[in-house]
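Derivation of every value follows stated rules applied to the coordinates shown; laboratory data play no part. Computed from a predicted model, the values in this text were never measured in an experiment. As a convention, Cβ positions derive from the backbone with ideal geometry for all residues, glycine included, and neighbour counts pool all protein chains shown.
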Amino acid sequence: MSVVIPVKLPHTDYEVTIGAGMLDRLGALMGDRAGISNKKVLLVSNPIIFDHYGERAIASMTAAGYDVETCILPAGEQHKHLGSIQQVYDEAIAHRLERKSTMVALGGGVIGDMTGFAAATWLRGISFVQVPTSLLAMVDASIGGKTGVNHPQGKNLIGAFYQPKLVLIDPEVLETLPVRELRAGMAEVIKYGVIWDPELFEMLERAERLDEFEAVRPLLTEILRRSCQAKVEVVSQDEKESGIRAILNYGHTIAHAVESLTGYGKVNHGEAVGIGMVAAGAIARELDWWDGANCPRQDDIIAKTQLPTKLPSKLTDLDKIIDVLSLDKKVEDGKVRFILPQEIGKVEITSDVPKSALRTVLQEMTN
């Protein structure tokens with residue numbers, strides 16, 4: 001049985017389909033749900049994911065009549081750069097992808113972001129399909145059309161808003177997900193509880209453990225449904241982040257600085273978001289934005305997921321962290337925008353965080 005969440009945007013509509021075994025229906029759904037009739041497809045993945053699921057994905061698309069070629073990119077955030085996009089372009093040329101051809105992203109958030117950006121820019125835009133294989137990509141990166149790559153000076157500074165034709169989520173593929181990556185995905189799930197869905201937050205709060213697959217398995221369908229629904233509801237109101245969509249960056253302001261300063265890949269995105277949410281909660285506490293009891297409630301869930309709650313030991317130069325924050329995409333008129341909680345399920349966007357409060361919190365979080 002599957003769950004279908006429609007995404008309705010001003011210029012395009014598509015569906016997020018969630019269900020066990022959906023990977024084997026990829027080809028059929030590309031035709032039936034996404035209306036993709038051109039048979040030329042480029043599947044983009046990495047060696048690890050392709051070894052697990054590549055042949056199943058190809059078999060599904062081939063059975064539906066698609067002519068599938070592959071582009072295998074190196075795994076890891078450190079490869080999320082324009083050089084990898086060039087590899088996708090090279091394969092697109094080699095296999096003569098046309099304007100009505102399709103790229104399919106089979107992988108985590110890195111593969112999804114890069115495939116989406118390549119699709120957005122190849123021949124000024126061709127169709128693409130998201131088949132996320134990590135929890136983080138399922139609940140966050142695959143939905144909403146943010147695509148792009150990193151620059152040495154900042155995360156996702158190069159990119160485009162470009163919506164997929166279909167997002168297909170098969171929770172069974174998470175059984176092969178490394179535990180560190182599962183925990184990284186839980187950071188984004190916790191985020192949705194804080195910014196949008198108090199019932200999701202309370203469900204996570206009641207769970208004894210959230211740090212490995214078997215502990216999460218009984219909650220997985222509801223986690224996926226609620227998280228995807230939250231993202232869809234926000235994105236449907238604000239496709240290109242001119243307003244409310246910015247709340248999806250809760251925890252990400254400091255997270256991006258952590259990722260940049262430690263070298264992409266050393267601290268993964270979810271770990272950095274966990275750190276960033278702890279920081280955002282503490283800043284809100286410093287500014288009396290939310291009840292002091294809510295800060296430890298959030299931090300307890302993050303700790304229960306075995307995500308870090310302190311800055312990495314090498315990040316001791318607070319001035320450098322604050323300086324990197326000034327390069328964040330969310331800077332406006334020279335001021336860093338933060339998303340801070342007011343209560344569980346409600347956050348606000350502000351550019352009025354005093355450096356003194358930021359410095360106090362960062363100092364608290366040094367190891």
Estimated inter-spin distance, Arg96 and Ser313, nm [label 7 Å along Cα→Cβ]: 5.8 nm
Principal-axis tilt of helix 179-195 within the chain, Cα atoms, nearest 10 degrees: 70 degrees
Net charge contributed by nearby residues that have their C-beta within less than 12 Å of Pro218 (K/R +1, D/E -1): 0
On Cα atoms only, tilt of 220-237 relative to the major axis of the chain in degrees: 90 degrees
Computed on Cα atoms, Rg of segment 212-273 relative to 2.2 N^0.38 Å comes out at 1.39
The computed P(r) of segment 3-175 puts the percent of Cα pairs beyond 24 Å at 25 percent
How many angstrom lie between the C-alpha centres of segment 1-33 and segment 256-293? 33 Å
Please work out the C-alpha center-to-center distance from segment 46-103 to segment 313-367 and express it in whole Å. 37 Å
Using alpha carbons only, how many degrees (0 to 90, rounded to 10) separate the axis of helix 269-286 from the longest principal axis of the chain? 30 degrees
Shape box of segment 174-217 [Cα atoms, principal axes, largest first, Å]: 29, 18, 12
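Considering only the chain, what is the antiparallel percent among its DSSP beta bridges, to the nearest 5? Spell out each step's value before the answer.
Numbers: 17 of 39 bridges.
Of those bridges, close to 45 percent are antiparallel.
Taking the Cβ of Leu26 as the center, what net charge do the other residues with Cβ under 15 Å away carry, scoring Lys and Arg +1 and Asp and Glu -1? Don't jump to the answer; show the numbers that get you there.
On the way: positive: Arg25, Arg33, Lys39, Arg56, Lys165; negative: Glu15, Asp24, Asp32, Glu55, Asp67, Asp170, Glu172.
Net charge around Leu26: -2.
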Quick one: if you stick a label point 7 Å off each Cα along the C-beta vector at Gln86 and Arg56, how many nm between them? 3.5 nm
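If packing is taken as the average number of other Cβ atoms within 10 Å across a peptide's residues, how do 237-244, 253-260, 102-109, 177-184 rank, most packed first?
On the way: 237-244: 13.4, 253-260: 25.9, 102-109: 28.5, 177-184: 18.4.
Those peptides, ordered most packed to least, come out 102-109, 253-260, 177-184, 237-244.
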Over 20 Å intervals from 0, what percent of Cα-Cα pairs in the chain sits in each interval? 31, 58, 10, 0
Once the Cα gyration tensor of segment 103-231 is diagonalised, what are the square roots of 5 times its eigenvalues, in whole Å and ordered largest first, as equivalent ellipsoid semi-axes? 27, 15, 14
Computed over segment 36-119, the ratio Rg/Rh where both radii use C-alpha atoms and Rh is Kirkwood: 0.94
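In what order do His252, His79, His11 fall by count of nearby beta-carbon atoms within 10 Å, going from fewest to most? Numbers along the way, then the final one.
Numbers: His252 26, His79 19, His11 6.
Going from sparsest to densest Cβ surroundings: His11, His79, His252.
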Taking H as built 1.01 Å from N, whose amide H comes closer than 5 Å to the amide H of Ile158, not counting residues under 5 places away? Val149, His151
Can you grab the distance from the C-alpha centre of segment 163-183 to the C-alpha centre of segment 188-214, Å, no decimals? 17 Å
Along the three principal axes, how long is segment 241-367 when you take its alpha carbons, biggest first, rounded to the nearest angstrom? 37, 32, 26
